[in-house]
Amino acid sequence: MTSNSESPIRIERSYPVPPERLWELWTTASGIERWWAPDGFTVRVETLDLRPGGDLVYTMTATGPEQVDFMRAAGMPLETRSRKTFTEVTPAVRLCYSSLVDFVPDVGPYEFPTEVVLRPTADGVEVTMTIQPLHSEEWTGRLVAGRENEMDNLAKALKDG
């Protein structure tokens, strides 16, 4: 199954740091573990091979009470191992990857692309994340909410140093 043919979704944020600082948080295991997970989850990076064809493999674990309850009610495990395969890596400019969706009950595995573009601005960097819709409107909404929350968590990670 591939993602549906609806229009791509764009999420934009601006951060008051140089693109290289943001790139570090987006492309290192220690950086990813600081902000990648939405609220109520943690991430542990297992593999990070930052090159076209290389993989990012990580485990996301529900830790917040609401998230644990949701996962259990949905019949999903509290811990999910995820894989992304990089398709383009242009340091501090552009990162593209394909994400494997193999954790949705009653839905066969499929992949969807993500593109992250960093543009320097007078005040720091503008980030545009472009994602394709998932197999249903409900799961696309979950994806967008999660990515928006992660982008907010990225801002918090930048403030924390």
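The values are calculated or read from the model by the stated rules, or taken from the named source; none is laboratory data. Only a predicted model underlies this, so the values are computations on that prediction, with no experimental measurement involved. Methodologically, a virtual Cβ is constructed for each residue, glycine included, from the backbone with ideal geometry; neighbour enumeration extends over all protein chains shown. To get the accessible areas, we keep the full protein, side chains included, count just its heavy atoms, and leave off ligands, DNA and RNA. Shrake-Rupley method; radii C 1.70, N 1.55, O 1.52, S 1.80 Å.
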- Query: So, by mean Cβ neighbours within 10 angstrom, what's the order for 43-51, 28-36, 101-109 with the highest one leading?
  - Reply: 28-36, 43-51, 101-109
- Note on the structure: For segment 86-134, the accessible surface attributable to carbon and sulfur atoms (probe 1.4 angstrom, ligands and nucleic acids excluded) amounts in percent to 54
- Task: Take each of the peptides 55-61, 70-76, 89-95, average the number of other beta-carbon atoms within 10 Å over its residues, and list them starting from the highest.
- Result: 55-61, 89-95, 70-76
- Express in nm, to one decimal, how much length is gained between residue 121 and residue 9 on full extension, taking 0.36 nm for each residue of separation and deducting their alpha carbon distance. 38.1 nm
- Going through the DSSP H helices of the chain, which span 24 Å or more along their own axis at the Cα atoms while scoring at least -1.0 as a mean Kyte-Doolittle hydropathy? 137-159
- What spacing in nm lies between the two simple spin-label points modelled at residue 81 and residue 68, each 7 Å away from Cα in the Cβ direction? 2.3
- Query: Going by the alpha-carbon gyration tensor, a ≥ b ≥ c the square roots of its eigenvalues, is the chain rounded (a/c under 1.5) or, if a/c is not under 1.5, prolate (a/b greater than b/c) versus oblate?
  - Reply: prolate
